[in-house]
Structure formats: structure tokens, C-alpha cells
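Below you'll find the structure, written out as C-alpha cells, and then a few comments.
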């Protein structure tokens, strides 16, 4: 998934993909996308095997170098996890 989206879905240095066991879906997080001078990350849940996008969020990096301009001091999204809204009550 994602190849057809091109550079808008490509992270050159950090990403995360998780299998969601309850649904079989995939949770994909390209964590440092740069296209046309804009930097962002995305969190996308994709149904498997259809490839339908179930959820998508775009995280804009407003302050690219909040701690300075050196490597390790720029904005990225390290990973994403899907958490239940409410705890499982038995």
C-alpha cells in the first residue's frame, strides 16, 4: 500500500507499520514526509486485503527545528499505536 501515492506517502528515514490483530488491518505511519518544502507525518489505517483507507490523519510540523537545526533535533513521528477508547469490560 502507498506506492500509488508517491512522495506524499514516502518517509526517507522513519516509519512504522503494525498489524491490528482484531481486524487484520494495517496501521501505517510514515513519520517524516517532505514534499515541495512541506514536512508532515501521516497515520493511516488500511483494511486488508481490500486496501481501503479506514482512517487517515495528517500531522503538520509547524516548527521544524524546535530544539535546533542538527540531526536528532527536528520534528518526526516515531511510531503510532491504536489504543481502545474505553477499556475492555468483562
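Just a few scattered comments:
- Per-pair calculated FRET efficiency, R0 = 22 Å: residue 86 and residue 52 via Cβ, rounded to 0.05: 0.30
- Taking label points 7 Å from Cα along the Cα-to-Cβ direction, residue 76 and residue 60 give a separation of 2.3 nm.
- Overall form of region 3-60 per C-alpha gyration tensor (a/c, 1.5; a/b vs b/c): prolate
- Using the average count of surrounding beta-carbon atoms within 10 Å as a protection proxy, the listed peptides 11-17, 78-84 rank, highest first, as 11-17, 78-84.
- Sorted peptide list for 26-33, 43-50, criterion being average Cβ within 10 angstrom, highest first: 26-33, 43-50
Read the figures in this text as sums done on the coordinates, not as results from a lab. Just so it is clear, the structure is predicted and the values come from calculations on it, not from any experiment. Positions of Cβ are backbone-derived with ideal geometry, glycine not excepted, and every protein chain shown enters the neighbour counts.
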